[in-house]
Amino acid sequence: MERKTLFEQVQFPKLTLKNRFVRSGLWMKAADEQGHITPDLVDTYKALADGGVGLIITEYTYIDANDQPNPRMIGMYDDSFIPEWNEIIAYAHSKNVKIACQIAMGGSQSGFEASKHRRMIAPSAVLNRVTGIMPEEMTETDFQHVIDCHAKAALRVRQAGFDAVQIHAAHGYLLSQFLTPYYNRRTDRYGGTLHNRARLIYEVVAAVRRAVGEDYPVMIKLNFDDFMSEGEGLTFPESLAMFEHLDTLGVDFIESIGTNLSSGNGITQSFPHIARAIEKQSYFKEQVSEIARHITTPLILVGGNRNIEVMDDLLNDKNIPLFSLARTLLAEPDLINKWEANPNYVPKCVACNKCGETTPHSCILNRRKRTKTLLEN
């Protein structure tokens, strides 16, 4: 059988990509205070489109004006956001690049302006280990509101011209918390067993599908493990059962990651060793390869994808069709072009995880240049 390549065009039932590289969602901290597009964001996404990636996933987008996890996030909570994406999407398409919008709700993992008349909700009234917020337990009205927000935002995403929508159900944000027993202590149909804890995610997926139609790509981002103490977090065997059920619900792509910020001990530290040791790269490859054995939905591997040879082997030997990157593309938006010209090229990113220390989000390797450009403009 002929080996597949990372730079070949790949055709999925609802989406054709010029290569197998995905820019994973990364909060850029560059929208205005209401979540609207700024010139800096336009430049950021145009640079990514120029850089050779096949699919861009936007940073997480808040879909309820009263649920904004962080400042200067992009928004999609009303129709005013629909037309302002025209320039970015048209530019991406002119470069044969597809673009998806990631939609999210934060719940109690929303520390931004927590004191300003905001009602913080969560599966249960349990103190959030990261934000220190004590939320209110969600009611039946809250469940319908969350479902409606996702469905309406997904429709806006399609109306704006995006090529796909991604539901953010990872990293300890609201949907992710339902999977985590530490945060979900409910005794009703949304708590207890794995599929009860995942029920809201299933309902959001179904509502988004109804909103955007059967022909539109729906993606989801999920933890495969919370890496928490026994009995506190989602486990890998449980996640497999959830992925297998999602496989029957018409999800078009699953981006899977093993980290939960809300656990208080998730994988969020720097990884300088990844920049050096090939065997440490693509650090979730074993778990995602195992998931790929159980489902037919295409998987996107995220986390430490820094070496062409490693990704090529995973593509051909482990049935992982897509590979996403974020911080390496923050350092070098044109990394994919560089790899295509020279597969042995070593990314400049040193995996220090210091890129979020400034506003806008920027890499320490090009921060001075970026700051100078922003001041000049």
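The values are calculated or read from the model by the stated rules, or taken from the named source; none is laboratory data. Everything numeric here is computed off the predicted structure, so don't read it as measured data. Using ideal geometry, Cβ is built from the backbone for each residue, glycine included, and neighbour counts are taken over all protein chains shown. The accessibility values were calculated without ligands, DNA or RNA, using every heavy atom of the protein model including side chains. Shrake-Rupley method; radii C 1.70, N 1.55, O 1.52, S 1.80 Å.
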task = List the DSSP H helices in the chain whose Cα atoms stretch 27 Å or more along the helix axis and whose mean Kyte-Doolittle hydropathy is at least -1.0.
result = 140-160
inquiry  = I'd like the projected area of region 1-85, averaged over all directions, using the convex hull of its alpha carbons. Report it in nm² with one decimal.
reply    = 7.0
ask   = Over the alpha carbons of region 13-168, what is the largest minus smallest coordinate on each principal axis, giving the biggest first in Å?
value = 47, 32, 28
key: Rough spin-label spacing in nm, given labels placed 7 Å along Cα→Cβ, for Lys280 and Leu249   = 3.6
note = Low-density loop trypsin sites (Lys or Arg not before Pro), region 71-124, at most 11 other Cβ within 10 Å, DSSP non-H/G/I/E/B, are Lys116, Arg119
remark   = For Lys14, counting only aspartates and glutamates whose alpha-carbon sits under 19 Å away and dropping same-chain residues fewer than eight positions off, the answer is Asp163, Glu214, Asp215, Asp247, Asp252, Glu255
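Give me Rg over Rh for the chain, both radii from the alpha carbons and Rh done the Kirkwood way, two decimal places.
Computed over Cα atoms, the ratio is 0.94.
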message = Which lysines, if any, have their Cα less than 20 Å from the Cα of Lys280, not counting same-chain residues under 8 positions apart?
response = Lys318, Lys348, Lys354
query = How much length is gained on full extension from Asp50 to Asn353, taking 0.36 nm per residue of separation minus their Cα-Cα distance?
reply = 106.7 nm
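If I take R0 = 41 Å and measure r between the Cβ atoms of Glu2 and Asp334 in this structure, what FRET efficiency does the formula 1/(1 + (r/R0)^6) give, to the nearest 0.05?
0.90
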query = Where both partners of a DSSP beta bridge lie in the chain, what percent of those bridges are antiparallel, to the nearest 5?
reply = 10
key: Per residue, in Å², the accessible surface of the chain once ligands and nucleic acids are set aside, probe 1.4 Å   = 41
message = Translational diffusion coefficient of region 102-253 at 20 °C, 1.002 mPa s, Stokes-Einstein with Kirkwood Rh over Cα pairs, in µm²/s as a whole number.
response = 137
task = With the full set of protein chains in place, find how many percent of the accessible area of the chain is carbon and sulfur; take the probe as 1.4 Å.
result = 50
